[in-house]
1. Take Glu237, Glu320, Glu413 and order them by how many other Cβ atoms sit within 10 Å, fewest up front.
2. Place a point 7 Å from the Cα of Lys93 along the Cα-to-Cβ direction; which residues of region 378-411 have their backbone N under 19 Å from it?
3. Dividing the convex hull volume of the alpha carbon atoms of the chain by its residue count, what do you get in Å³ per residue?
4. Between region 137-215 and region 335-363, what's the alpha-carbon centroid distance in Å?
5. Treating cross-link reach as a plain straight distance, find the aspartates and glutamates whose alpha-carbon is under 16 Å from the alpha-carbon of Lys129, omitting any fewer than eight places away in the same chain.
6. Just in region 457-541: which trypsin sites (Lys or Arg not before Pro) are loop by DSSP and have at most 14 other Cβ atoms within 10 Å?
7. If each of Ala345 and Lys406 carries a label point 7 Å out from its Cα toward its Cβ, how far apart are those two points in nm?
8. What FRET efficiency comes out for His220 versus Gln267 if R0 is 30 angstrom and r is the Cβ-Cβ distance? Round to the nearest 0.05.
Amino acid sequence: MISSSAFWASVTLAGAAYTYWRLRKKSFLKDIRGPKPTSWLYGHQIEMQQSNVGELDFAWEREYKGAWKVGDCFGREILMLTDPGAINYVVHKRGYAYPKTRPQKQLTRLFFGRGVAWAAGQRHALHRKVLNPAFTVQSIRAHFPVFRRVASQLSALWADQIQESDVSSAQRFDISKGLTRAALDIIGESVFDYHFGSLNDDNDFFSSILNNLFADSTVHPPPAAILFTGTWAFIPESILQFVAYLPARQFVRFREFLSVGKRLGAQLLGDKGENSATDRKKNDILSILVQANESNEVRNRLDSDEILSQITTLLLAGHESTSATMIWLLYELAYHPDDQTRLRAEIMASRQSLAGHDFSVTELENLPFLNACIKEVLRYHPISPWITRQSAEHDVILLSAPLLTKSGTYIDEIEVGPHQQVLISTCGYNRLESVFGEDASQWNPSRFLDPALRDGKVSIGLYANLLTFSGGPSGCIGYRFAILEMLAVIVELIEKFEFAPPPDRPVMQRVRAGAVMAPFIKDKFEERVQMPLSVSLAQVN
């Protein structure tokens, strides 16, 4: 826990800094509508730690349409956006002019280290330049056999568990465990050329550190922790970096993760150096990353901590986000059996044409309903529900639709001052009826088979007009990796198993756990991440 003296000292310092800042700062959002904050001290920050992520966003979008303001700690204002034009402007057109806020940058460093997710401006461009060779289409496709092999291992494990019981009846599984372990093994082999053995319960020490890392550390922070994080906006980065050494649980756990992760990374980098001639022929991302960094001029290379932080970033962000997305997809297919039946039929029809061979990348990419299901789960359950930014300078954000103001007039642009917080609602945008149809609030993979949707005028994000992978210069560098991994794993599981709701049909909630939106059972948050489903062997006709 944070000591009370340190906490209140921070609050006092922040209050004084805020008073000085407020006297000097002009608000450009006076005429922007929004819900009234419940308190000056907390703004809307307590309410936004909502039990079911997105519910507030959906309600606010219905009322205010495209843009509104909410309260931050200490009376500060946040501009929230779902308007496609505004999002395109902030994320794509002027990406580097809207960097992360100071608290968000510090949290990113705390979670992932000084990797590509943390870097900003020209340093971020350098990180991307070094990483890009590892994420080309060709490089990612080279990992497809790993994806399929690990998917097969997970399938065999679940089949054995079913056969050990009554094979004629469905078994209740917490599918989150198997999918999270499979994603970790995939990342380990593809990124590091390292075998965690998580599916085989090899008791790898690093695997145990990763278990429920976000869920144990950052779910539903108490008001004092929310307020403490709110003070970070007023503390210089040179001082703020020492927050990571506080004794609070979340800081201790992430310190341990970064320490062990970087130590493992240093060991693997050392092995690469000793076997450089052999490793230059390998396709794992770490080998490609090392080669790319060495090929640059010295002034254009990443330092050793930045290299090690790429490892912790790719490991944590890659396996948590992809596994959570697959968990939500199987959940939706379990509760929408017609979609599951249609998907299995498509897979089996394609399987019959393979003449005993396994699926290729091209064959999976050409399965229309499979790809529609992947797009729909990314739309309906975006793992990162918000994109947090702030303006670097005075600017005017262009809107795609007129916005009603407090004064009753309509505007087509929003003026912002320097350091204005901007919170882009990924979950809100992903359910806009103007973009995704009148049934945007409902689960419907078939929407992505509609040519009218594909021919829409909106062009946002990196994939399928979705904001789930962000966009612009800070868009997810590994999005193609994640999509191909999901294709490979979901095909295996739907072909081999049938998924259904468990008999007790627990109410599942989307809970923000650090950097991801994880599944929790309502009123059972102490049980952490889980997704119980009834699983049985698929009937082969």
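1. Glu237, Glu413, Glu320
2. 389-404, 411
3. So the per-residue Cα hull volume is 157 Å³.
4. Measuring centre to centre over Cα atoms gives 21 Å.
5. Of all the aspartates and glutamates, those that pass the test against Lys129 - Cα under 16 Å, at least 8 places apart if same chain - are Glu294, Glu297, Asp303, Glu306.
6. Those that pass, being in a loop and sparsely packed, are Lys457, Lys522, Lys524.
7. 5.6 nm
8. The calculated FRET efficiency here is 0.25.
Here, each number is a calculation from the coordinates, and none is a lab measurement. Remember, it's a predicted structure, so these values are computed and weren't measured experimentally. As a convention, Cβ positions derive from the backbone with ideal geometry for all residues, glycine included, and neighbour counts pool all protein chains shown.
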